[in-house]
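Okay, structure first, notes after.
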Amino acid sequence: MILVDSSVLIDYLNGKENWQVEKLDAILGKEIVVIGDYILLEVLQGFKNDKDFEAAKNVLNIFPCFNMLGEEIAIECVNNYLILRKKGISIRKTIDVIISTFCIINDIQLLHNDKGFFPFEKHLGLQSVSLKSS
């Protein structure tokens, strides 16, 4: 199972070319590809007109969507944040903590194009899809 981050979905919907978008194209129909509610929010809030919003919503509707935060995951997010802070690493976006922790707890690979996830990979065992994987 692979969770796709908004950084990749936004590029995908905008027709950008990079290895992450190519990887998403390659795994569709071959792997279980999912998103989370916070990712859905991040992607859809960027649309300025109703037509594009509806089109994107229809595309994203094909992906199973998980609720990413509850009490257990919230507490684990704080633990992960504190572990990184004690190592001198400042996390800019709370949503990166939520997505990373959700993936770590549920043993789900993350397909992303966001350096904010690197500390979670290096120090907390987040498994990300790489150019070479799958």
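Determine the gain in length on full extension of the stretch Arg85-Glu121; use 0.36 nm per residue of separation and subtract their C-alpha separation, reporting nm with one decimal.
Details: separation 36, 0.36 × 36 = 12.96 nm, distance 1.48 nm.
That pair, Arg85 and Glu121, stretches by 11.5 nm at full extension.
Could you grab the relative contact order for the stretch 1-116? Cα pairs under 8 Å, six or more apart, rounded to a whole percent.
On the way: 115 pairs, mean separation 44.9, N = 116.
Normalised by residue count, the contact order of the stretch 1-116 is 39 percent.
Quick one: length gained pulling Leu28 to Lys51 fully straight, 0.36 nm per residue minus the C-alpha distance? Kindly include the intermediate steps, with their values, before the conclusion.
Values: separation 23, 0.36 × 23 = 8.28 nm, distance 2.44 nm.
Gain on extension, Leu28 to Lys51, equals 5.8 nm.
How large is the helix-only mean residue ellipticity at 222 nm for the chain, computed as the sum of -39500 (n - 2.57) over DSSP H runs with n ≥ 4, divided by its residue count, in deg cm²/dmol to the nearest 500?
Numbers: 7 runs with 72 residues, N = 134.
The helix contribution divided over the chain gives -16000 deg cm²/dmol.
What are the radius of gyration and Dmax of the chain, computed over its Cα atoms and given in Å?
14.8, 46
Taking each pair of different alpha-carbon atoms in the stretch 34-107 once, compute 1/r for the pair, average those values, and report the inverse of that mean as the Kirkwood hydrodynamic radius in Å to one decimal.
On the way: mean 1/r = 0.0729 Å⁻¹.
The Cα-based Kirkwood calculation yields 13.7 Å.
From the backbone phi of the stretch 57-69, what are the Karplus-calculated ³J(HN,Hα) couplings (6.51 cos²θ - 1.76 cosθ + 1.60, θ = phi - 60°) in whole Hz, Gly and Pro given as x?
4, 5, 5, 5, 5, 6, 8, x, 10, 8, 6, 9, 9
In whole Å, what are the extents of the stretch 1-41 along the principal axes defined by its C-alpha atoms, from largest to smallest?
For the stretch 1-41, the Cα extents along the three principal axes come out at 25, 22, 11 Å.
Between Ala74 and Ser130, 0.36 nm times their residue separation minus their Cα-Cα distance comes to what?
Gain on stretching Ala74 to Ser130: 17.5 nm.
No lab work stands behind these numbers, since they all come straight from the coordinates. All values derive from a computational prediction rather than experimental measurement.
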